[in-house]
Amino acid sequence: MADTILALKDAKLALAGNAGPVEILRGIDIAIERGESVGLTGPSGSGKSSLLMLMGGLERATSGSVMALGHDLSAMSEDDLARFRRGNMGVVFQSFHLIPTMTALENVAMPLEIAGEPDAFARAEAELEAVGLGHRGHHYPSQMSGGEQQRVALARAVAPRPAILLADEPTGNLDTATGATIIELLFGLQERNGATLILVTHAPDLAARCDRIVELRDGLVLTGALA
């Protein structure tokens, strides 16, 4: 029997604009199963990143429902959402979003410390080793290349062993060779942890590596909505 980990039903998102509300997502119906990898594709402005933000509870649906691991994200308070994400979701952005005043090790350990994990730094060290940066743990983001910073961001995202891994154009700021390395790491970490991966990408070859491709256009799903 299918184990649905994420489900959106008639989910809509409208954001305030100068001339009034702007419809970003216009009624999304999609189900994603545990352990699946899904590529979200479509032209710029189609709603890919907004859909990812809804799935992660980083944006609230204007109407409709967003269910993750059996929880209705739309019904949660901001504090409850933050706790839920911390325990169940890892997010990797195009921009690395590392804290510049923290070392690589501290950046990776931070979500574990917030969660009260007693072995936060030991686990952070292990995750940095897993992405090939065990020797860079005491370096600051400004001392690392873009590819190294994205590897730190990956390690930070997977360190809490999230059930859901969300990635928004994770290679967008990287050269082709470095981006390919990041993608290999991303899929490897997903497989190692048995996580569900939702990946926003413009690259057809990258989307093709996923179990399923969901194509968006003008805030609607064209293909690939259901498992």
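Details
- Taking the protein heavy atoms of segment 110-202 in the context of the full set of protein chains, the accessible area attributed to carbon and sulfur is 50 percent at 1.4 Å.
- For the chain: accessible area per residue (Å², 1.4 Å): 46
- Considering only segment 4-223, percent of DSSP beta bridges that pair antiparallel, nearest 5: 55
- Alpha-carbon centroid distance for the pair segment 49-124 / segment 176-192, whole angstrom: 20
- The sum of -39500 (n - 2.57) across all DSSP H runs of n ≥ 4, divided by the residue count of the chain, sets its helix-only mean residue ellipticity at 222 nm to -10000 deg cm²/dmol.
- Computed packing ranks the peptides 71-80, 105-114, 47-56 as 47-56, 105-114, 71-80, most packed first, by mean other Cβ atoms within 10 Å.
- Computed from phi, the 3J(HN,Hα) profile of segment 205-212 under the Karplus parametrisation 6.51, -1.76, 1.60 (θ = phi - 60°) reads 5, 6, 4, 5, 6, 7, 5, 8 Hz, with x in place of Gly and Pro.
- Acute angle (nearest 10 degrees) that the helix 146-158 long axis makes with the longest principal axis of the chain, alpha-carbon atoms: 70
- Of the solvent-accessible surface of segment 1-67, computed with a 1.4 Å probe and all protein chains present, 52% belongs to carbon and sulfur.
- Relative pair counts by distance (%), Cα atoms of the chain, 5 Å bins: 1, 7, 15, 19, 19, 16, 12, 8, 3, 0, 0
- GNM remark for the chain: springs join alpha carbons under 10 Å apart, and the peak mean-square fluctuation among 122, 167, 159 falls on 122.
- Other residues within the sphere of radius under 13 Å centred on the Cβ of residue 181, judged by their own Cβ, net out at -2 (K and R +1, D and E -1).
- Solvent exposure ordering (accessible area, 1.4 Å, most first) of 60, 123, 212, 34: 34, 60, 123, 212
- Cα-based helix-to-principal-axis angle, 176-193 vs the chain, degrees rounded to 10: 80
- Under-5 Å amide H pairs with residue 37, H placed in peptide plane, nonlocal only: 197, 211, 212
The values are calculated or read from the model by the stated rules, or taken from the named source; none is laboratory data. Just so we're clear, the structure is a prediction, and the values are computed from it rather than from any experiment. Cβ: placed from backbone, ideal geometry, glycine included. Neighbour counts: every protein chain shown. Keep in mind that these areas ignore ligands, DNA and RNA; they rest on the heavy atoms of the full protein, side chains included. Shrake-Rupley method; radii C 1.70, N 1.55, O 1.52, S 1.80 Å.
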